[in-house]
1. Looking at this structure, is ASN233 within 28 Å of PRO172 (Cβ to Cβ), in contact with a Lys or Arg (Cβ under 6 Å, 6 or more places away or on another chain) and of a type in the set (S, T, N, Q)?
2. Among the numbered criteria (1) in a strand (DSSP E or B); (2) in contact (Cβ under 8 Å) with a residue 60 or more places away in the chain, which single criterion is violated by ARG125?
3. For the subset of the range 103-126 comprising residues that are open to solvent by 40 Å² or more (accessible area, probe 1.4 Å) and in contact with a Phe, Trp or Tyr (Cβ under 9 Å, 6 or more places away or on another chain), which member is nearest to PHE11 (Cα to Cα)?
4. Being open to solvent by less than 50 Å² (accessible area, probe 1.4 Å) and free of Cβ contacts under 8 Å to residues at least 60 places away in the same chain is the filter here; which residues of the range 258-278 pass it?
5. Can you name the residue in the range 1-51 that is among the charged types (D, E, K, R) and without any contact (Cβ under 8 Å) to a residue 12 or more places away in the chain and, of all such residues, is surrounded by the most Cβ atoms within 10 Å (Cβ to Cβ)?
6. Based on what the data block shows, is MET225 modelled with pLDDT of 95 or more, in contact with a Leu (Cβ under 9 Å, 6 or more places away or on another chain) and not acidic (Asp, Glu)?
7. Kindly indicate whether SER144 is of a type in the set (Ser, Thr, Tyr), surrounded by fewer than 22 Cβ atoms within 10 Å (Cβ to Cβ) and under 30 Å from ILE35 (Cα atoms).
8. Would you point out which residue out of GLY140, GLY78 is out of contact with any Ser or Thr (no Cβ under 9 Å at 6 or more places or on another chain) and in a loop (DSSP other than H, G, I, E, B)?
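The values are calculated or read from the model by the stated rules, or taken from the named source; none is laboratory data. Remember, it's a predicted structure, so these values are computed and weren't measured experimentally. FYI the Cβ positions are ideal-geometry reconstructions off the backbone, even for glycines, and counts take in every protein chain you see. With ligands, DNA and RNA removed, areas are computed over all heavy atoms of the protein, side chains included. Shrake-Rupley method; radii C 1.70, N 1.55, O 1.52, S 1.80 Å.
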Amino acid sequence: MEVEWFSQARFGMFIHWGVYSIPARGEWVRLVERIPADEYEPLAKRFNPRRYHPEEWVTLAQEVGMKYMVLTTRHHDGFCLWDSKVSAFSSAKTAAKRDLVAEYAEACHSAGMRMGLYYSLIDWRFPGAMRPMGDPVPPGTDFSAMVEQAHAQVRELMTGYGKVDILWYDGPWPANIWRSEQLNAMVRRLQPGIIINNRSDTPEDFGTPEGHIAPESRPWESCMMIGDTWGYNAGDRNNKTPCQILHILLSCVAQGGNLLLNVSPDGDGRIPRDQLDICLL
């Protein structure tokens, strides 16, 4: 079974990166600070990462013993790191003029690294979508256009980048609107060897406890931040020590799981020096 390699991998790299790295206050900055679209979306005109060299990320992952990588192709803010045909809010259509997912995929494939793609189902740009988790949906809200976009964009990601080892969904709120069984059946037709996480309203192949260790009776991974935010935050200096990260990794492995450790590149595409030092110690 394809999931067997995942159960033996034990250690992976999570990469939260997007236009939110420009304000440098974390990946939830738009919602937390209630930034309107006409102020937030122009950040894409400044997102031109000239020091983005994903082969360096792959080399780092290999040097520290990581066996797979997962990149945020699109977070909740809706900004795509690839040339989506159903959205103009993308790296290929704004300042960077590049398909950054394609460069990442090529770096992983060239080095023999298992390649994962994160995709947020929720997109804050749609009416009624920019709400904290758990807040009630306004009566009469129609999310059908957002759901159609999700199906179209997942298809793009599953057909444009060679073999995809992991599809890592996030943001399945509100629940039960995503036509998940149909969506994931399409994914498995396009990528027969893929494994899918549990964040699309269906259990799928593996669990993803976030920020803590919670063993399951099936394959699972704990995803953890080095500091206090997933996306780049210039003011976040509350980093875990190498000893703490090693303890977390050993705890995951001892209980049959993996650790997916996050790094947060800055707006120019560089993993911060303090995160590099922690990974390499």
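1. yes
2. All conditions pass for ARG125, except number (1).
3. Ranking the qualifying residues of the range 103-126, first place goes to ARG114.
4. PRO272, ASP274, GLN275, ILE278
5. GLU33
6. In short, yes.
7. Criteria met by SER144.
8. GLY140
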